[in-house]
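Here the structure is laid out as structure tokens; the discussion comes afterwards.
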Amino acid sequence: MHELSVTQGILNLALDAAHGAGRIVAIDLMVGELTSFVDDSIQFYFDILGKGTAAEGALLRIRREPASAVCGQCGHAFRVGAPLPPGCPACGSSHLRITGGSALRVESIEIEDGDSGR
Ligand SMILES: [Zn+2]
């Protein structure tokens, strides 16, 4: 459900970056495996929110970032998935720190130069 506010954030960021320089044609997103964001929902909201803006019709290219964690006890780093493991596979400690896969970020924004000489 919170795809809506997240998508609004992505749109704002993209429009900011475009600065009226041209039309936004594509946005590369990195979505962590541990987030519950659904790719289709993000694109769906984006299409609605982007209507009438420079980002109208932009394509969202979404990549999944693998999730990883590091043990606060022994320093062992490992891949994780949801649900998270209860403890470190090396020492059993529950002091785990998630080091990747829990965020969504904009990697790059593709802007088409609106200045085509017409
Ligand atoms: Zn450990």
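Figures for the structure shown
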{"item": "Selected from Ala17, Ala90, Ala77 as most flexible by GNM, with the chain as the system and alpha-carbon contacts under 10 Å", "result": "Ala90"}
{"item": "Length-normalised contact order for the chain - Cα pairs under 8 Å, 6+ apart - percent", "result": "36 percent"}
{"item": "Accessible surface of segment 3-113, 1.4 Å probe, proportion on carbon and sulfur as whole %", "result": "53 percent"}
{"item": "Inter-label distance for Arg61 and Thr99, nm, one decimal - labels placed 7 Å from Cα along Cα-to-Cβ", "result": "2.8 nm"}
{"item": "Estimated dipole of segment 3-113 in Debye, rounded to 20 [Cβ of Lys and Arg +1, of Asp and Glu -1, Cα centre]", "result": "500 debye"}
{"item": "Counting DSSP beta bridges with both ends in the chain, the antiparallel % (nearest 5)", "result": "70 percent"}
{"item": "Total formal charge among the other residues, if their Cβ is under 13 angstrom from that of Leu15, Lys/Arg +1 and Asp/Glu -1", "result": "0"}
{"item": "The chain: proportion of alpha-carbon pairs further apart than 18 angstrom, %", "result": "57 percent"}
{"item": "Between segment 73-117 and segment 5-21, the alpha-carbon center distance in angstrom", "result": "23 Å"}
{"item": "Amide H within-cut-off set for Val80, under 5 Å, with H built and near neighbours excluded", "result": "Ala67, Ser68, Ala69"}
{"item": "Packing-based order for 102-109, 67-74, using average beta carbon neighbours within 10 Å, highest first", "result": "67-74, 102-109"}
{"item": "GNM top mover of Ile62, Ile24, Ile48 - the chain, alpha-carbon springs below 10 Å", "result": "Ile48"}
{"item": "Degrees separating the helix 3-18 axis from the principal Cα axis of the chain, which is the longest one", "result": "50 degrees"}
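The values are calculated or read from the model by the stated rules, or taken from the named source; none is laboratory data. All values derive from a computational prediction rather than experimental measurement. Methodologically, a virtual Cβ is constructed for each residue, glycine included, from the backbone with ideal geometry; neighbour enumeration extends over all protein chains shown. These accessible areas exclude ligands, DNA and RNA; they are computed on the full protein's heavy atoms, side chains included. Shrake-Rupley method; radii C 1.70, N 1.55, O 1.52, S 1.80 Å.
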